[in-house]
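First the structure, in the form of structure tokens, and then the observations on it.
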Amino acid sequence: MYNLKKWFAVLFLIFLCSENVFSQKKQNGRFHSINQAGLLEGEKGAALQLQTINGMQYKSWFAGIGVGLDYYRFRSLPLFIDLRKSFGPVFVYLDGGIHFAWLTDKEKNNDPGSFSKGFYGDLGAGYTFKLPNKTAILFSAGYSYKRSASIQKFPTGYCPIAGPCTVDYNYIRYAYDLSRFNIKAGIQF
Amino acid sequence: MRKIFFNVCSIAILSLLVFLPFACMKDKIKSTYTYKVYQPVFKTLSQIRADMKSYPATSLGQTGKIYIKGNYIFLNEVNKGIHVIDNSDPKNPRNAAFINIPGNMDIAVKGSVLYADAYSDLAAFDISDPLNASKIRILDTVFSDRRMYYYSNTYPYQYDPDSLKVIVDWNVMDTTVTYSRNVNIYPACPNCEYLSAAAVPNAANNNNSTKGTGGSMARFTVVNDYLYTVSYTDLNVFDISTAANPSFFNKSHVGMNIETIYPFKDKLFIGSGTGMYIYDIQSTPAQPVQSGQFVHARACDPVVADDDYAYVTLSDGSACTGFTNELQVVDIKNLNNAYMLKSYPMTHPLGLAKDGSTLFICDGKDGLKVYDAADVNDLRLIKNLKDGQTYDVIAAGGLAIVVAADGLYEYDYSNLENVHLTGKLLLNKN
């Protein structure tokens, strides 16, 4: 977990340093909405993800706030900050935030524990195809990570007939560190 | 063309930079199992019997069944002994002494003699001075379903009380183990041996002044010269015509999963996991005869009764299993044809009591419910007192004494329009 956060920090610095090398002229202070869908591919197989990111562009930089749906292993709602840097039609992006578990009924059967929110991160690169009316189609690929934990509790015995129920509990904590490759396609307004 | 080539190269380089550290897309799922390890503390049977006596009051660790005699409340702490509570001032019940009885769950009193189970033994104590009880007799191994410690020895079994080791306590240690997800996560039940000991004896209710009053969860009861106890399958009869010298009289098979016994006039009402048995003790009190039976869904079911009706609470989620939570009113005017008259939904009802037309029900987390039961077809809730997770109740003379998970509560119901808490004694307080 610590190494992962370090990598995200290093890549963020690369973002900042790249300004002098690749800077290009962009329209200043413009609002953009990026709406995209994609696939997450990891050890568990493929899963759907949906995102909407809304923010401001300044020169070749974009910063926004995103929310989405992530169906890998268990459904969750990521809430994150999105930073991206354009080099002409090419861009790199870095997302970081938290996600909240929102389990389906089937997932609750598999793991009925109480889930805690956890770190969510995504970084990658993409390509922008400009369309008329200041819209664009985006394709990107990257690495996505989400972390969570669930705690299940199990009663240690019966409520006895010989007294009030004072059953104690044992606990199992599952810590999930989920690494996924992701590809996304979306449209930017 | 050159620009596109530059862009493609850029993507390739950046992707390489991004993905190199994450070449292996493996999910890591770490499971941490935190549980309690119960390490038994043993004593020999001889040591246990020698230590059965009064001690200064100790803090209440866990509540069990109750029995009232005069100004004293005898409150069982499961498998530990009996707290003697001076209730001469119901506004300020005082934890006054502790009778050490390992393996104890049930209590009954006749005159100045208290009977208590101690694992498979029946112990009799002189409680002329309740604060200084003294053991006067032990009947060895009369509750055969609780003699598990005889079988914990290597064959051939030891029957010498000086060498028989009995579990009297548990040292509890929190333990944490980390492992991969797919190993068996269900541990062996650390309490199983302890719980298997939970067959047992309980309570009583009678207006005879020489006896006390027990709760509806009781498995001991005294009627005249006999102590009746129920085990998992049997009804035991002890002759206590000489109170200080109890003797085992006989045993008869009742059924499976027997839970409670409640006396009313010349009848014994025995609650089981699948129904209620009614035994007649008028003609042959030493040999009770079954005179009626009522079958219900599988559930725990303490019972109280009056001349015409029996009140049975059914609850789920315990050793009794079942899925029913309700009060059933059973018409017992004709014992050969007892039938359910009406049922009322409850949350998790356990012990209950009846005083005149007032019905008290311990409804688990919903606390104590007080009903006007003048019309059994239309019980009217007078008050719901939500002070604790209630277990059993004894109600007499305008005072309802309630055992809850966190202690003992006392309610004044002399004025039914103003039922209120008068005193309490909580766990871990002397």
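The values are calculated or read from the model by the stated rules, or taken from the named source; none is laboratory data. Just so it is clear, the structure is predicted and the values come from calculations on it, not from any experiment. Using ideal geometry, Cβ is built from the backbone for each residue, glycine included, and neighbour counts are taken over all protein chains shown.
When A:Phe119 is tested against the conditions (1) at pLDDT below 95; (2) part of a strand (DSSP E or B), the lone failure is (1). If the condition is being surrounded by fewer than 22 Cβ atoms within 10 Å (Cβ to Cβ) and either part of a loop (DSSP other than H, G, I, E, B) or within 14 Å of chain A (Cβ to nearest Cβ) (or both), then segment B:375-398 contributes B:Asp375, B:Val376, B:Asn377, B:Asp378, B:Leu379, B:Lys386, B:Asp387, B:Gln389, B:Gly397, B:Gly398.
Which one is surrounded by the fewest Cβ atoms within 10 Å (Cβ to Cβ), of the residues in segment B:251-305 that are of a type in the set (Lys, Arg) and in a loop (DSSP other than H, G, I, E, B)? Spell out how you get there, then give the answer.
Step one: of segment B:251-305, the residues of a type in the set (Lys, Arg) are B:251, B:265, B:267, B:298.
Checking the rest, the ones that are also in a loop (DSSP other than H, G, I, E, B) come to B:265, B:298.
Details: B:Lys265: 12, B:Arg298: 17.
Only one residue tops the list, namely B:Lys265.
The number of residues in segment A:67-116 that are of a type in the set (A, V, I, L, M, F, W, C), under 17 Å from A:Phe181 (Cα atoms), within 14 Å of another protein chain (Cβ to nearest Cβ) and assigned to a strand (DSSP E or B) comes to 2.
Just checking, which of B:Asp366, B:Asp355 is at pLDDT 90 or above and closer than 23 Å to B:Ala405 by Cα?
On the way: B:Asp355 fails: closer than 23 Å to B:Ala405 by Cα.
It is B:Asp366.
Looking at segment A:121-133, is at least one residue among the hydroxyl-bearing types (Ser, Thr, Tyr) and within 13 Å of chain B (Cβ to nearest Cβ)?
At the first step, the residues of segment A:121-133 found to be among the hydroxyl-bearing types (Ser, Thr, Tyr) are A:127-128.
From what is left, the residues that are within 13 Å of chain B (Cβ to nearest Cβ) are A:127-128.
Scanning segment A:121-133 turns up at least one residue that is among the hydroxyl-bearing types (Ser, Thr, Tyr) and within 13 Å of chain B (Cβ to nearest Cβ).
For segment B:326-374, the tally of residues that are within 14 Å of chain A (Cβ to nearest Cβ), more than 13 Å from B:Val303 (Cα to Cα), of a type outside the set (A, V, I, L, M) and buried (at least 19 other Cβ atoms within 10 Å of the Cβ) stands at 4.
Looking at segment B:102-126, which of its residues are assigned to a loop (DSSP other than H, G, I, E, B) and either modelled with pLDDT of 95 or more or not hydrophobic (A, V, I, L, M, F, W, C) (or both)?
Passing the criteria: B:Pro102, B:Gly103, B:Asn104, B:Asp106, B:Gly111, B:Ser112, B:Tyr119, B:Ser120.
Looking only at segment B:41-94, residues that are in a loop (DSSP other than H, G, I, E, B) and either within 14 Å of another protein chain (Cβ to nearest Cβ) or β-branched (Val, Ile, Thr) (or both) come to 10 in all.
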